[in-house]
Amino acid sequence: MNGKLKKFKRLILEVSPRGSILAAFMKRLVSFLIRNVPRKYLQRITGLGQKVLTITYAGNAVMCPVCEKKFRKFLPYGRIKPRENALCPNCLALERHRLIWLYLKERTNFFEKPLNVLHIAPEACFMNRFENLHGEHYVTADIESPLAKIKMDIHHMPFQDNQFDVVLCNHVLEHVTDDIQALREIHRVLKPGGFAIVQVPFFNPIPDVTLEDVTITDPKEREKLFGQDDHVRKYGKDYASRIRRAGLHAIEDNFINELMPETRERFKLPNGEIIFKAVKP
């Protein structure tokens, strides 16, 4: 069996992304899948591909801090022009997920004790690990994800006031009809002193004021104006003030630039990404 596995691995590596042809194919494949297959279906079919890719990308040049696996490189990822070294082949953590993991570990008490955690639109790379940490007090929720425990509309959450110590809501607000209302709901369900991590995408050039228009429904027009065909706004330099409008204290943490360059390179973290932490007074 070991001999067959070694032979399979050798055959895979002969046509692996070390070759420019397959590397280009992988970029096109990833771009096609995330542009054309809804996320709720992609989340159901990744298991087999992960096993093959983990073998294909075996190496020691990069490391994912989430699953602690090492690879010679990460997978490309992106809708139009896939980014190099973006997606962990094992746990599917992207650059921002690896950064959030490190931030929660080094800047918060998230890993120190069981907490009441609400994870909105939960990322697969985090779910089992966070549930192991926080047990039954870890709640996942989404309007459509098959992975989430609770189906909900972020504008009207089915939770009590002051229920959660932590809310995780990453790359969600750019999709919702009323992001200020969603942030108000996050404020409502957080305990006093609790915090939320509320990352959103920023596309260059970053406008001074957030651009939004929910009446624009044409996917091509949305992609042109907001950076992606399922976005309804393009966030600007006023994002922190939008968080404050919901009654939350906005912290713009430059955590990534405090990490050693070799750490950023080893984990392939997103250049210059600010962590937006929203705290309930």
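The values are calculated or read from the model by the stated rules, or taken from the named source; none is laboratory data. Just so you know, these numbers come straight off a predicted model, no measurement behind them. Reconstructed Cβ throughout: ideal geometry from the backbone, glycine too, with neighbour counts over all protein chains shown. Note: areas computed on protein heavy atoms with side chains; ligands, DNA, RNA excluded. Shrake-Rupley method; radii C 1.70, N 1.55, O 1.52, S 1.80 Å.
Observations on the model:
- Mean separation of Cα contacts under 8 Å (6+ apart) over length of region 45-182, as relative contact order %: 16
- What region 109-254 shows is 46 Å² of accessible area per residue, with the surface traced by a 1.4 Å probe over protein heavy atoms.
- Rg ratio (alpha-carbon, reference 2.2 N^0.38 Å) - region 104-236: 1.11
- Spin-label pair residue 191-residue 153: with each label point 7 Å from Cα along the Cα-Cβ axis, the two points sit 3.0 nm from one another.
- Estimated inter-spin distance, residue 252 and residue 229, nm [label 7 Å along Cα→Cβ]: 3.3
- Rolling a 1.4 Å probe over the protein heavy atoms of region 78-226, with every protein chain left in place, gives an accessible area that is 50 percent carbon and sulfur.
- Inter-site label distance for residue 112 and residue 72 at 7 Å from Cα along Cβ, in nm: 4.2
- Too-long pairs where the Cα-Cα distance tops 26 Å, listed order kept, from 69/151; 69/191; 69/105; 81/220; 224/277; 237/277: 69/151; 69/191; 224/277
- Mean-position separation - Cα centroids, region 164-241 and region 80-118, in angstrom: 19
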